[in-house]
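The values are calculated or read from the model by the stated rules, or taken from the named source; none is laboratory data. Remember, it's a predicted structure, so these values are computed and weren't measured experimentally. Neighbour counts are summed over all protein chains in view; Cβ atoms, including those assigned to glycine, are modelled from backbone coordinates with ideal geometry.
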């Protein structure tokens, strides 16, 4: 895994040593950030990398100018990889790493973000609940984006107060972009 663009361009990230994490491919990551380029200014953005895994999406956002990233991951040995990458990139003042299950974190979160990445395991049976909870709790700022990577077998239904802007498919993977509905 490598950083595609920005401040840390070309840097190779440490990966998780077992099969627990399904890393975002460079192709998917490149498509996500190309689509964001004309939709959201990353410079100064507050980012949440939920079900962070290796943290690849959060680190790419930092490289492209995000102010800070909150990485939320459940597994302690995966968190160690995120922390190793934070040290490698020397960006600790812009990162917060929390050990928590994704839905649990959202239930208690009081912050707002400009960009939320959610990349739960495909076997996670509650992926469809993520948009509802995020929009109900007003965790995404107006004009921000929620980007969920999920199996293409799952049809996400956007909550009433949101709109599904676009979806992209890559093999068995679907990436869904949601934002606030404009009144």
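When the criteria are applied in full, residue 136 meets the requirement of being within 22 Å of residue 179 (Cα to Cα) and surrounded by fewer than 19 Cβ atoms within 10 Å (Cβ to Cβ). Could you say which residue among 129, 169 is in contact with a helix residue (DSSP H, G or I) (Cβ under 9 Å, 6 or more places away or on another chain) and over 22 Å from residue 45 (Cα atoms)? Selected residue: 129, the only one of 129, 169 that is in contact with a helix residue (DSSP H, G or I) (Cβ under 9 Å, 6 or more places away or on another chain) and over 22 Å from residue 45 (Cα atoms).
For the residues 130, 103, 89, the requirement of being within 15 Å of the chain's Cα centre (by Cα) and either in contact (Cβ under 8 Å) with a residue 60 or more places away in the chain or within 27 Å of residue 38 (Cα to Cα) (or both) singles out 130. Tell me, yes or no, whether the range 152-160 has at least one residue that is touching a residue at least 60 places away in the same chain (Cβ under 8 Å) and either in contact with a helix residue (DSSP H, G or I) (Cβ under 7 Å, 6 or more places away or on another chain) or in a strand (DSSP E or B) (or both). Within the range 152-160, not a single residue is touching a residue at least 60 places away in the same chain (Cβ under 8 Å) and either in contact with a helix residue (DSSP H, G or I) (Cβ under 7 Å, 6 or more places away or on another chain) or in a strand (DSSP E or B) (or both). What are the residues in the range 111-136 that are part of a loop (DSSP other than H, G, I, E, B) and at pLDDT 95 or above, if any? Matches in the range 111-136: 111, 112. Output the residue which, of all residues in the range 95-126 that are surrounded by fewer than 16 Cβ atoms within 10 Å (Cβ to Cβ) and touching a helix residue (DSSP H, G or I) at 6+ places or on another chain (Cβ under 9 Å), is farthest from residue 24 (Cα to Cα). Across the range 95-126, the extreme among qualifying residues is 107.
Scan the range 41-51 residue by residue and report those that are within 19 Å of residue 67 (Cβ to Cβ) and buried (at least 19 other Cβ atoms within 10 Å of the Cβ).
Narrowing the range 41-51 to residues within 19 Å of residue 67 (Cβ to Cβ): 41-50.
Listed by number, the residues that qualify are 42, 45, 47, 48, 49, 50.
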